[in-house]
Amino acid sequence: VYNTPQSVALSCATPNATIYYTTNGSDPTTSSTLYSTPIQISSTSTIKARAYATGFDPSPIAIAVYTYPVLISNLASLRNQAADNATVYQVPNEVILTFKSTSRNQKYVQDASAAILIDDASGIITSLYNIGDGISGIAGKLSMYFETLQFIPTANPGPATSTNNNVFEPTVTIAELNSDIGVGAYQSRLVRINNVHFDSPSGNYSTEPIQNLALTDATGTLTFRTSFYNVDYLNTPMHTGTFNLRGLIAHYQSN
């Protein structure tokens, strides 16, 4: 994945070999373009190349894909793009890390407009980040997992571009969250919900087994799910009475 023009050189170890190449996805033959100087690439392209030499069979076809991402201004716009698991998108502007998990190297990032879950099962992102770090230039593909929009990274963004950031956390009601269906404004976003209570608080918060707890405010009820293992409230007594909550919004697939 590149953001700047590339000069692509081709070579073959066989003396006196000639190389033919294509950039339209077709297999090269001796009727294709003869390679003589480096190929200039500035848009998404697939280069296929094959070497020919007298007395030899043609070489295997070498293939290289050069991808130039679609630039997206913010996370709200990103959430409106096609989740085809093929198009590479990049958000040049800074997003803020609000939560991270060792499970699938998942990271939740947010800007003033929206949020998204980065699902990095392949470990593409090798830079280490702390919550509150700013990350610029995330690049990847969009895919759906049940009702959750996921961002699958294709490149490591590099070191944090800022630290200790505060992120805008909208204050919402449960009715607003329940009406925000699909890949709406609040999915994967850190929000605040005031004056909530558990319908039947008992014992400690636990992930073994994961708890699905009914959480209610004056406008409705949703499920509070203890699905994160690296949070500080685990193994402490459940809240009783009315309290204010700060949490991440996810789609719970019950089956």
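The values are calculated or read from the model by the stated rules, or taken from the named source; none is laboratory data. Bear in mind that the values here come from a model prediction, so they are computed numbers and not experimental data. In this analysis, Cβ positions are derived from the backbone assuming ideal geometry, glycine residues included, and neighbour counts consider all displayed protein chains.
Descriptive notes on the structure:
- Test: residue in the stretch 47-68 that is under 27 Å from Ser143 (Cβ atoms), acidic (Asp, Glu) and part of a loop (DSSP other than H, G, I, E, B): no
- For the stretch 187-201, a residue qualifies if it is in a loop (DSSP other than H, G, I, E, B) and surrounded by fewer than 18 Cβ atoms within 10 Å (Cβ to Cβ), and the qualifying residues are Asp199, Ser200, Pro201.
The rows are residues; the columns are (1) at pLDDT 95 or above; (2) closer than 19 Å to Phe243 by Cβ.
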| residue | (1), (2) |
| --- | --- |
| Ser103 | no, no |
| Leu117 | yes, no |
| Ile125 | yes, no |
| Ile135 | yes, no |
| Ile138 | yes, no |
| Phe151 | yes, no |
| Asn166 | no, no |
| Gly184 | no, no |
| Asn194 | yes, yes |
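- Condition broken by Asn204, with the remaining ones in (1) farther than 26 Å from Ser113 by Cβ; (2) surrounded by 15 or more Cβ atoms within 10 Å (Cβ to Cβ) satisfied: (2)
- Flag if Gly247 is touching a strand residue (DSSP E or B) at 6+ places or on another chain (Cβ under 8 Å) and loosely packed, with under 13 Cβ neighbours inside 10 Å: no
- Matching option when the condition is closer than 27 Å to Asn3 by Cα, at pLDDT below 95 and either in a loop (DSSP other than H, G, I, E, B) or of a type in the set (Asp, Glu) (or both), among Ala160, Ala155: Ala155
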